[in-house]
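This report refers to the structure that appears directly beneath it.
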Amino acid sequence: MTFPATVSAGAGAEGSRPTGRPGAGELLDLLRARTHGGAAGTPVTHVERVPARPGTVADWPEWVPAELRAALAGQGVVAPWRHQAEAAGHAYAGRHVVVATGTASGKSLAYQLPALATLLADPRATALYLAPTKALAADQLRSVATLDLDGVRPACYDGDTPRAERDWIRAHSRFVLTNPDMLHHGILPGHAKWSAFLRRLAFVVVDECHTYRGVFGSHVAHVLRRLRRQAARYPGTPRSVPGQRGATGGPGSTPDGPVFVLASATSGDPAAAAERLTGLPVTAVTEDTAPRGGLTFALWEPPLLPPSQSDGPTPAALAEPLPAGAGLDATPARPMLGDGLDATPARSTPSDGLDAAPARSMLGDGLDATPARLTPSDGLDAAPVRLARGDGLDAAPVRRSALRETADLLSDTVAAGVRTLAFVRSRRGAEVIATTARRSLDEAVPGLGARVAAYRSGYLREERRSLEQALLGGDLLGLASTSALELGVDLVGLDAVLICGYPGTRASLWQQAGRAGRSGREALAVLVARDDPLDTYLVHHPAALFGRPVEATVLDPANPYVLGPQLCCAAAESPLTPADLELFGEGAKEAVEALVAAGALRHRPTGWYWRHSGRPEVDLRGTGGAPVDVVESSTGRLLGTVDPASSHFQVHPGAVYLHQGVSYVVDALDLDDGCALVHAEEPDWSTHPRDVTSLSVVSVRSYLDAGPVGMFLGEVDVTSQVVSYQRRRLASGEVLATLPLDLPARELRTVAVWFTVSPESLAAAGVEAAEMPGALHAAEHAAIGLLPLVATCDRWDIGGLSTANHPDTEAPTVFVYDGHPGGAGFAERAYRAASEWLSATRDAIAECGCEAGCPSCVQSPKCGNGNYPLAKPEAVRVLDVVLDNLARVAPAQPAGT
Ligand SMILES: [Zn+2]
Ligand SMILES: [Zn+2]
C-alpha cells in the first residue's frame, strides 16, 4: 500500500488526540490525492453537497404530564422537534401514525410521548413495542427505563428472557419490548396468558417498519393483524385518557383496538406502506425538523487494475496472507462470496450434446440459493470473470475490490484523526476491512492500528456498546460494521462514513450516511462502488441517487403462500369467523376454502378451526416450508439453517459450507428429516452447484402489447434440479472435478415479469440469430442487476431465465422472477416501472467501457453457465428495440382477465 507520508505525518503519535482534523472537503481532496495521485482519472465520479439544516422546536403538547417532561429533561430533552410533537399528537388523539424521518431525528420521542403519557394517566394501560432486532429493543428498553417512570415497569420479552422472568413480565410490565418473531411464536399462541396485557393494550409501536418488506414484511403484516384480532377478543375496560378515542378523538380515531405508531427510515409513500403493513388507515409525518450538519457525499469508483494484476494486493497483504475465507480476490472461487448461486443454463450447455442449438436453450439465472442469506454475504468480488481466465476465455477488465478500497480509505481517514464508520454487507467483510486497515496503519505508525476495530452482531451487547462509546469518545477512530440496524441509536455524529458497496436501497444508503454529521460541522460520506452493474450505474448516474425520493417499501400480504399459513396460525389461536376474513384482506376467503379442502382447517357453524393438535410451523422469513438444519455430526451442534429452496444449492453432499468464516464439508443431506450433516474441513477447493432450470407460464395477470414487443406480468412455474457440482481450486479457479448429484427437482410457483421481442425486429436491429441467445442472456443479467433500482429487493431475491424461443411465448424472451413462492412484489414493481428499469439496464451496458462484457455490466456472479454466451453490444440493441416500442404505447394497465 502506498501510504502517503503527508497523511501519516499528520496522524501524530499514537495515543495523542489528533488536533486540527481536516474538514470534509479537505478530507476528500486528501483521499483523492492519496489513492491515485495523478494516475489516470479520478475515482471520484460525483460530489453532492447536502446543506446543513437548523432544527425547528415545538412546545410540549399540553397533555404531556409534568412528570414525563421532568424525566425527559433529566435526559437532556428540553423540548420536542416539531415532527416529534406532530406525530405524538396524532397518536395521542387516537390516529394511527407513521413518522418517516432521517437517522437520528429522534423518532423514539414520537412514540414515547403518547405511550408513556397514556401509561401515566391510566394506571392499567399497556403498550407493546416491536423492533426488528433484539439489540434495538434492548436500546429502547434502556431509553425508557432511564426515565424511571412510576408503574411503567418496561421489560424486554424475547427469546433470551429467562423463564422465571416471563411470568413477572406478563403480570406486571406495562411497556413490553419484543420482536415480530416472539410475537408470532410466543405471545400470540399464548394469548390467554397475556389476556390482561392485551385487554389494556393502548399502543403498538412498530419501530424501523421499513425493514418489514418482501416476504418477511408480508408475514409481519399478518402477525399484526393477528395481534389486532386477539386484542379485540379481550374487550378492554374503557380507556379514560383525555383526548384519546371516543367523542373526543379526532376524525381518524379508532373506535377500538390499540393505536399503531410506526417509525420508519425515510421512505417513499410511508403512509401506504404502513397501511399495507397494519391494515389500518395511517397518517404520515415526513418533514424532518431535527437539525443536521452539512454533508459532503462523494461517489467513488475503484480504478481498473493493470491487466497483469489479479488485484492489487498491498505489500502488507502479500507479506501476510489474509485469513482463509476472508473474501478478498485472492480466493476468487469461494462460492460463498458471490451474490449467489450458480444458476445454470437451463437446458444444457451445447457441450452436453443434449441440445446443441443455442437458439433453443434457456439460460437460467436462478435464485440465489444463497449464501447471502446465511452469512449475510455481500459479493466479495468473486466474480466468475476472474475464473474465466482459467477457462481460456478472454479476461475482462477487473476493478480494485471495493473492500480493499474501503480499507485503504479507512486507513487514511483514521490516520488523519477522523472518526469514521465503514459499512459493509457481510460480517466477514467488516473483519477484512478492519484487519487490512489495522495492518496498514501499524506499518505507518506502529500502534495506530489499535484504534480501528470491527463490529459485528456476534459480539455481546456490552462489547458492542463499549466499542460505540470508544468511537464516540475518540479513543477508537475507525469502526467497520455490518448494517446500520445492529448499531446503537446513539452512534451518530461521526465525521465520516464509508459505505462499501451500495446497500441496496436509497433508504438504507441515507440511513447509513446519516450516521455522519453533527451540527456545526461538515461531515463526509463516501459510497465505494463494487464491481457490479448496479453500483457502476449509480456512481455514473448520481441523479438516480440524489435526485429521487427513496423507495417505497414493497410487501404483499395477499401472497397466498404467506396468507394461507398465517390463517392457519390465526385459526390455531382462536377459530376464524367471517368477520376475521375481512381483517386478513383480499384473498382470505379463497385461502380459507383452500385450507379446508386441504384438510388443514375444519368448517363448523361457529367458524373455521385448526384441525391439528400441534401448532402450524410457519417461518416468518420464508415461504418454502421448514428450514433445513445444518448440524455438525461430531458434536450435534446446530450451525444454522438453510432455506429449503436453497438447500440443494448450498448443502448438497460434498458442498463446502461456510459458517461465520469457518469452512465445513457436507457429508449428507437428509431431505426427509430436513437436516444436513457436516464436518469441519478446509479443502483447497470451493464447490459450485449446477442446475437445470425450466420455466413455464401459468397465467398472465397483465400485459402490454407494444407491437413487436410484449411486456408481461404473471404466474410462472420454475422447475430446477441441482444435477452436479464442480470443485474449483481456490487460488486459480481451475475446475478440478465435476461430480454428479442425485437430488429431486424443485418447483417454484411464483410471479415473473417478462418481455418478448419478435425475431424480425431483432434482425432489423442488427442482432443476428447466432447472437440472440447471448444478447438475451446479457440483457437478463444486467436487468437482474438493475432491478433493485426500482424495487426494494436484493439481487439474490430474484432469478432469471432467457431463451431465444420459449415454448409458451413462441418468441425470444427474458424472464425475471421473484425467488419466493407466490412472489414478493418485486417482479410486479419491475413491470410497473418497466421503462425506467430497462432504460437504466440499457445505459448500464452501453456506458460500460469494457469491450465484451465485465462484472460492471453483463457478467453475473450468479451465472452457473460461466457467463456464456454473452453478447454485449447486441444486448443494447435488444433493449433499444424493447424501449423504443414501449415508448410508443401507453403505460402498463392491468389486463381485464
Ligand atoms: Zn462492462
Ligand atoms: Zn447467466
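Partner aspartates and glutamates whose Cα lies under 16 Å from the Cα of LYS872, excluding those fewer than 8 positions away in the same chain, are identified as ASP394, ASP532, GLU768, GLU771, GLU780, ASP843, GLU847, GLU851, ASP880.
Please work out the Cα center distance from region 524-562 to region 181-241, rounded to the nearest Å. If we compute the Cα centre of each part, the gap is 31 Å.
FRET efficiency for the pair LEU305 and THR606, taken as 1/(1 + (r/R0)^6) with r the Cβ-Cβ distance and R0 = 51 Å, rounds to 0.15.
Remark: C-alpha extents of region 70-188 on the principal axes read 41, 28, 27 Å, sorted largest to smallest. Close amide H contacts of ALA480 (hydrogens built in the peptide plane, cut-off under 5 Å, sequence separation of 5 or more or a different chain): ALA422, ALA453, ALA454, TYR455.
Would you mind estimating how fast region 422-488 diffuses translationally, via Stokes-Einstein at 37 °C and 0.692 mPa s with the Kirkwood radius over Cα pairs, in µm²/s? Diffusion coefficient, whole number: 276 µm²/s.
For region 663-810, what does the relative contact order come out to in percent, with C-alpha contacts under 8 Å and a separation of six or more?
After rounding, I find 17 percent.
Pull out the extension gain between GLU590 and ARG637, defined as 0.36 nm times the separation in residues minus the alpha carbon to alpha carbon distance; nm, one decimal.
Separation in residues times 0.36 nm, less the Cα-Cα distance, equals 12.7 nm.
Within straight-line reach of LYS193, meaning a Cα separation under 15 Å, sit the following aspartates and glutamates at least 8 residues removed in sequence or on another chain: GLU165, ASP167, GLU573. Once C-alpha pairs closer than 8 Å and six or more residues apart are averaged by separation and normalised to the residue number of region 124-235, the relative contact order reads 36 percent.
What is the order of CYS863, CYS675, fewest Cβ neighbours within 10 Å to most? Working shown, then result.
Values: CYS863 29, CYS675 17.
Starting with the residue having the fewest Cβ neighbours, the order is CYS675, CYS863.
Take every Cα pair under 8 Å whose residues are at least 6 apart in sequence, average their separation, divide by the length of region 78-189, and the relative contact order is 24 percent.
Of the residues LEU410, LEU472, the one with the fewest other Cβ atoms within 10 Å heads the list, and the complete ranking is LEU472, LEU410.
Residues whose amide H lies under 5 Å from that of GLY822, counting only those 5 or more places away or on a different chain, are ARG749, THR750, VAL751; hydrogens are built 1.01 Å from N in the peptide plane. Among PHE755, PHE297, a tally of other beta-carbon atoms within 10 Å of each Cβ gives an order, fewest to most, of PHE297, PHE755.
Quick check: residue separation of ALA668 and ALA846 times 0.36 nm, minus the Cα distance between them. What number comes out in nm? Spell out each step's value before the answer.
On the way: separation 178, 0.36 × 178 = 64.08 nm, distance 4.56 nm.
Between ALA668 and ALA846, full extension yields 59.5 nm more.
We did not get these values from a lab; they are worked out from the coordinates using the rules stated. Small disclaimer: the values here were computed from a predicted structure and weren't measured. Virtual Cβ from ideal backbone geometry, glycine too; neighbours counted across all protein chains shown.
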